[in-house]
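Heads up, the thing below is written out as structure tokens.
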Amino acid sequence: MKTLRGIHVSHDKATQDCETAAFPLPEKVIIPMSQHMGAPCKALVKKGDTVTVGQKIGDTDAFMSAPIHSSVSGEVVSVEDFLNSNGSVCQAVHIKTDGAQTVCPDIKAPEISDKQSLIAAVRESGLSGLGGAGFPTHIKLNYDAVKTPIDTLVINAAECEPHITSDYRQLIEEPTAVIEGILMVQKYLGIPHCKLCIEANKPKAIELMKEKTASIESIDIVTLPQQYPQGAEKVIVYSATGRIIGEGELPSNQGVMVMNVSTAAFIKKYADTGMPLVSKRITLDGSAMTKNQGNYIVPIGTPIQNLLDYTAAENPQMVLYGGPMMGITLYDTMQPVLKNTNAILAFKEVKLPKTTDCIRCGTCIRTCPLNLMPVSIEAAYKAKDVDALKELKVMLCMNCGCCTYACPAHRNLAETNQLAKGLIPRPAPKK
Amino acid sequence: MKGLIVEPSPHRAAPITTQKVMLQVIIALLPAAIAGCVVFGVKAALVLVTCIASSVIFEALCRKIMKREQTVSDLSAVVTGLLLGMNLTSEIPLWMAVIGSFVAIVITKQLFGGIGQNFANPAIVGRIVMMFSFTSAMSTWAKPYWYKESADVITGATPLASSDGVEYMDLLMGRCGGCIGEVCALGLMIGGLYLIITKIISPVTPLAFIGTVAVMTAVTGGDVVYQLLSGGLMIGAFFMATDYATTPLTSKGKLIFGIGCGLITFVIRNYGNYPEGVSFSILLMNLLTPYIDRLTRTKPLGAKPAVKEAK
């Protein structure tokens, strides 16, 4: 298989054999109105309201967004400003749980009979990409089949980040939901081929899925090489189909749709039950956690502190949303579990490497999956040379972090790439 | 909860450091350096020790005077000192070696900003300045294994200058006159191979450099093996033309750099006034490196040519 360059990191998948359990209901949940790419929602509830599980509590008219639902039954104690990990401020609904987990009476399985009803149902479910980036799924499904016909659905089960095993458990525990979700998307969108891509370090999952899809011609199981970042969109599309997503293009420009494996499974489960996205399968792991590490179904909005208490985390110095390569550091453990959270990792005795002067060894160039030149980008960024930054195509950087990881001088090259993007003026929006 | 570390991703780092890279280079230089000491005796060892010690001291003093962070522990000054010493004759007066270290570390490296910032290879500039300043001392060579004989310690010429009765095997094993670190071609090849296997250097530059010299010599009817094994070609191709800071970043750039070095070396050796051209060739190509880098940028995946903005 032709593949792009990358790095080899230790997998540390210690929780891969931990069967998913339900996480104890927290006393309080904090549900931010902005949990993914796109416009934030407006809270539909106010202080004192009673809410039920699955009740819509946030929505917006904006195209690029998805509604938000309550993950618990209880009473709204406040609606206040909340500082997201990405630095933006949005509203958040604080709900005190009553423990009854009364299900919202409006919940019923949606009627799905064609592309439009599937897209409408997926929007109502509040689904956004569960892999991490959190792109609202209904927008991805609503592509223009005339301008950009799609022939291949790439299902991303690479899970190339160390520690995280939640997608792996999805494959092992609910293989049928995954397959039926895929078939639903293929059927209603008219996508003839599907490539379900799993990294080679998950042989059990590969074997299981091969067995389950043996009689299904449209689904191929693809074994990806063990190399980070196989799960990055451009990398997985290249590995699975050999197609290159060009600068400024979406996968649909190359006839491909990429979807996370848990996203596909959720579509099937929502079609069956009508229960919106109110909980997530999450891996709890990391050196600071001393017990109960594993995979849990956690209500969205559960404060991370509850997860740390449950796993008896000792002096955590760094707590991450997601994996060690692309995860976001928490500034406060009262931040909640979000729709696109796939792991919470807590580490103790963190030693940050010391940054020294660049020796121009070129390792960053040799590890970049996209063939960028981080060393030259850094020099151009320091010189504020916008023309050079454009020529070096810094906007293509997907922040996978291979360059920073491999750098002998431990320079924060990936971060510099993101800062450098800010120097390039964006084209004025088309009127 | 207090004191959570907040930093940009990634939150892991490979266990490699600049110091470890430099240590690998030192290890790779050792076979040839030890061979030089065996061939030329304790005098050679003294030259190497003087060069390393003075380089490290100059580096430390520079950083202190310039009030910059101390960088001696990255071992790059040790590499420079060792390389410089290996490029000198064992007969060099030690105070001259110290001046060579001064030129290499203070003038070529630290005045331009320290590690990674120098435009030319410090050891090469040190050697070239010494060649012009102390021409006769720099071309006074000891006979191999002179300490086993009673008289005739000094010989006049290196094999490149006079090829009387030198066998290939002597060149390979270092039984010939020359600089301390240049004589044992076998040791240099072992060290170079080690750096390639450990992925510290790319094989492109040495292959292009040595290959070009070989092809040009063969085309003009010269003695190919003799040209490859004698003089500073092996140490230059494996250890000096692969210096990170002063050579191109990409494989395409390294190829151009290596071929350029090979051509210039061949021309100087055959048509120039100096018997040896490796140092000059690398220095000249060092100067072209920024241009080579600009012309040999990688093509990012899916990149489209820049659209010129209408004005």
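Quick notes
- Per-region count, segment A:191-221, residues touching a residue at least 60 places away in the same chain (Cβ under 8 Å) and under 23 Å from residue A:141 (Cβ atoms): 2
- Any hit, segment A:303-314, residues being under 24 Å from residue A:134 (Cβ atoms), within 14 Å of chain B (Cβ to nearest Cβ) and part of a loop (DSSP other than H, G, I, E, B): no
- Output for segment A:322-341, where each listed residue is open to solvent by less than 10 Å² (accessible area, probe 1.4 Å), within 21 Å of residue A:69 (Cα to Cα), in contact (Cβ under 8 Å) with a residue 60 or more places away in the chain and not in a strand (DSSP E or B): A:335, A:339, A:341
- Residue within segment A:199-207 that is within 14 Å of chain B (Cβ to nearest Cβ) and among the acidic types (Asp, Glu) present: no
- Any chance residue A:120 is open to solvent by 30 Å² or more (accessible area, probe 1.4 Å), within 16 Å of residue A:277 (Cβ to Cβ), hydrophobic (A, V, I, L, M, F, W, C) and outside any strand (DSSP E or B): yes
- Residue in segment B:10-26 that is more than 14 Å from chain A (Cβ to nearest Cβ) and surrounded by 16 or more Cβ atoms within 10 Å (Cβ to Cβ) present: yes
- Selected residue (only one of B:222, B:211 is surrounded by fewer than 22 Cβ atoms within 10 Å (Cβ to Cβ) and part of a loop (DSSP other than H, G, I, E, B)): B:222
- Condition met for residue B:242 (open to solvent by less than 30 Å² (accessible area, probe 1.4 Å), assigned to a loop (DSSP other than H, G, I, E, B), in contact (Cβ under 8 Å) with a residue 24 or more places away in the chain and within 11 Å of another protein chain (Cβ to nearest Cβ)): yes
- Among residues of segment A:167-180 that are in contact (Cβ under 8 Å) with a residue 40 or more places away in the chain, those with a Cβ under 8 angstrom from a residue that is β-branched (Val, Ile, Thr) and part of a helix (DSSP H, G or I), sequence gap 6+ or separate chain, pair up as A:167/A:261; A:170/A:178; A:170/A:261; A:171/A:178; A:171/A:261; A:178/A:261.
- Residue A:275, sole failed condition from (1) within 14 Å of chain B (Cβ to nearest Cβ); (2) touching a residue at least 12 places away in the same chain (Cβ under 8 Å); (3) not aromatic (Phe, Trp, Tyr): (1)
- Matching residues in segment A:342-357 - criterion: being assigned to a loop (DSSP other than H, G, I, E, B) and within 23 Å of residue A:326 (Cβ to Cβ): A:342, A:348, A:349, A:350, A:351, A:352, A:353, A:354, A:355
- Matching entry among B:289, B:247 (being assigned to a helix (DSSP H, G or I), within 10 Å of chain A (Cβ to nearest Cβ) and under 20 Å from residue B:108 (Cα atoms)): B:289
- From the list B:49, B:72, B:6, B:39, the one residue that fits, being more than 14 Å from every other protein chain (Cβ to nearest Cβ) and free of Cβ contacts under 8 Å to residues at least 40 places away in the same chain, is B:49.
Yes/no per residue for (1) in contact with a His (Cβ under 6 Å, 6 or more places away or on another chain); (2) touching a residue at least 12 places away in the same chain (Cβ under 8 Å); (3) at the interface with chain B (Cβ under 7 Å from one of its Cβ atoms):
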{"position": "A:345", "(1), (2), (3)": "yes, yes, no"}
{"position": "A:355", "(1), (2), (3)": "yes, yes, no"}
{"position": "A:363", "(1), (2), (3)": "no, yes, no"}
{"position": "A:380", "(1), (2), (3)": "no, yes, no"}
{"position": "A:390", "(1), (2), (3)": "no, yes, yes"}
{"position": "A:405", "(1), (2), (3)": "no, yes, yes"}
{"position": "A:412", "(1), (2), (3)": "no, yes, yes"}
{"position": "A:418", "(1), (2), (3)": "no, yes, no"}
{"position": "A:425", "(1), (2), (3)": "no, yes, no"}
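- Tally of residues being under 20 Å from the mean Cα position of the chain (by Cα) and open to solvent by 40 Å² or more (accessible area, probe 1.4 Å) across segment A:157-215: 4
- Against the criterion of being among the hydroxyl-bearing types (Ser, Thr, Tyr) and either farther than 16 Å from residue A:30 by Cα or free of Cβ contacts under 8 Å to residues at least 24 places away in the same chain (or both), residue A:85 does not qualify.
- Condition met for residue A:284 (within 18 Å of residue A:55 (Cα to Cα), surrounded by 24 or more Cβ atoms within 10 Å (Cβ to Cβ), in contact with a Ser or Thr (Cβ under 9 Å, 6 or more places away or on another chain) and not aromatic (Phe, Trp, Tyr)): no
- Boolean, residue A:28 is open to solvent by 60 Å² or more (accessible area, probe 1.4 Å) and modelled with pLDDT of 95 or more: yes
- Residue check for residue B:63: outside any helix (DSSP H, G or I) and within 14 Å of chain A (Cβ to nearest Cβ): no
The values are calculated or read from the model by the stated rules, or taken from the named source; none is laboratory data. Every value quoted in this text rests on a predicted model; they were computed, and no experiment measured them. Reconstructed Cβ throughout: ideal geometry from the backbone, glycine too, with neighbour counts over all protein chains shown. Areas reflect the complete protein model, heavy atoms only, side chains present, ligands, DNA and RNA absent. Shrake-Rupley method; radii C 1.70, N 1.55, O 1.52, S 1.80 Å.
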